[in-house]
1. Starting from the stretch 48-65, take each residue that is free of Cβ contacts under 8 Å to residues at least 24 places away in the same chain and list its partners that are of a type in the set (Val, Ile, Thr) and exposed (fewer than 10 other Cβ atoms within 10 Å of the Cβ), counting only C-beta distances under 7 angstrom and pairs at least six apart or across chains.
2. If you take the residues of the stretch 22-45 that are part of a helix (DSSP H, G or I) and in contact (Cβ under 8 Å) with a residue 12 or more places away in the chain, which of them is surrounded by the most Cβ atoms within 10 Å (Cβ to Cβ)?
3. Of all residues in the stretch 46-68, count the ones that are loosely packed, with under 10 Cβ neighbours inside 10 Å and either outside any helix (DSSP H, G or I) or in contact with a strand residue (DSSP E or B) (Cβ under 8 Å, 6 or more places away or on another chain) (or both).
Amino acid sequence: MKPNKLELSSVDGTQLNLEALYQIAPSCFTEVKDDKTSELRHVVNFKTLRQLLGDNAVEDADEMYQFT
């Protein structure tokens, strides 16, 4: 009996975040052609995302606080 090999790669947190965002706000995604592979990929359209968030979005404020 052969031992099972463990997957040695870690989870791509960025991809997980993009998938979660796509689930709740698919309209803020658009497709672009990848220059290297010529394949289409989904990317975030921040202008559309800001419109969805309304007054709850900030770009560069003088003072910002992050609660951790």
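1. Close Cβ pairs (under 7 Å, with a partner that is of a type in the set (Val, Ile, Thr) and exposed (fewer than 10 other Cβ atoms within 10 Å of the Cβ)) amount to Met64/Val58.
2. The extreme case among them is Cys28.
3. Summing the residues that are loosely packed, with under 10 Cβ neighbours inside 10 Å and either outside any helix (DSSP H, G or I) or in contact with a strand residue (DSSP E or B) (Cβ under 8 Å, 6 or more places away or on another chain) (or both) in the stretch 46-68 gives 11.
Where a number appears in this text, it was derived from the coordinates with a stated rule and is not lab data. All of these numbers come straight from a predicted model, not from anything done at the bench. Cβ coordinates were reconstructed from backbone atoms using ideal geometry, including for glycine residues, and neighbour counts include every protein chain displayed.
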